[in-house]
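Every number in this text was worked out from the coordinates using simple rules, so none of it is lab data. Bear in mind the structure is a predicted one, so any value in this text is a computation, not a measurement. Every residue, glycine as well, gets a Cβ built from its backbone with ideal geometry; the counts of neighbours run over all protein chains shown.
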Amino acid sequence: MSIAAPTRWHEVVDALVTQARALPGARAAGDDLDPDDLLVLDGPEVWLTGDTARRILVVGWTLDDDRDNGEASQVVATLGRAKRDETGFVICQAIAQTGSLELPDASYTEPRMTAKALRDLAFGVFATVADLLRADPSLGLATARMFADIGERLTPRQYLTDTGAVCSVEFQVRYDTRI
């Protein structure tokens, strides 16, 4: 007799990290590949790596210390209480950063790292996750029912740090499953 998992929240995080790292042009922390690759971090890895990629996806983590990294709730789904329906979400961050931000200049023909270019990079990371979910809403999880998509809340932020400019897009990956 197999024992049902008490929740699938952790499985959703694992699947998002695994699938995002498997995308062309993506990598894990410490992989010495192209610095323009998408760096995919699993939650608290964001504080453990000195990796400075231009584009970053953080799965299961929020930049706000006073907020949760996700949520899950369950209701009884069948008679006899053998099955439960779970709805939850995982907080993700799509981040773009640069050492310096430039002002737009119509006379300059080379690409410049303007606020718009930084925003485009961050929202490009967000779009990558949306495309991944559209391609496989089950996240490759072998379960009778799993559907994941972009959740309802999206929080863009633009700010400067001591080392440069950052644009982050905090978003939810929402899921519904049966346990």
**Request:** Kindly indicate whether V46 is more than 22 Å from Y159 (Cβ to Cβ), surrounded by 16 or more Cβ atoms within 10 Å (Cβ to Cβ) and not small (G, A, S).
**Result:** no
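Residues are listed down the side, and each one gets a yes or a no for (1) farther than 23 Å from A115 by Cα; (2) of a type in the set (D, E); (3) surrounded by fewer than 20 Cβ atoms within 10 Å (Cβ to Cβ):
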{"position": "R8", "(1), (2), (3)": "yes, no, no"}
{"position": "P24", "(1), (2), (3)": "yes, no, yes"}
{"position": "A29", "(1), (2), (3)": "yes, no, yes"}
{"position": "L39", "(1), (2), (3)": "no, no, no"}
{"position": "V59", "(1), (2), (3)": "yes, no, no"}
{"position": "R84", "(1), (2), (3)": "yes, no, yes"}
{"position": "I91", "(1), (2), (3)": "yes, no, no"}
**Complete:** Turns out the strands (runs of 3 or more DSSP E) fully within segment 1-78 with at least 3 residues that are under 17 Å from the mean Cα position of the chain (by Cα), without any contact (Cβ under 8 Å) to a residue 40 or more places away in the chain and closer than 26 Å to D162 by Cβ are 38-42
**Prompt:** Take the residues of segment 125-179 that are in contact with a strand residue (DSSP E or B) (Cβ under 7 Å, 6 or more places away or on another chain) and in a loop (DSSP other than H, G, I, E, B): which is surrounded by the fewest Cβ atoms within 10 Å (Cβ to Cβ)?
**Reply:** A144
**Prompt:** Restricting attention to segment 130-156, which residues are in contact with a Phe, Trp or Tyr (Cβ under 6 Å, 6 or more places away or on another chain) and under 17 Å from D85 (Cα atoms)?
**Reply:** P137, A148
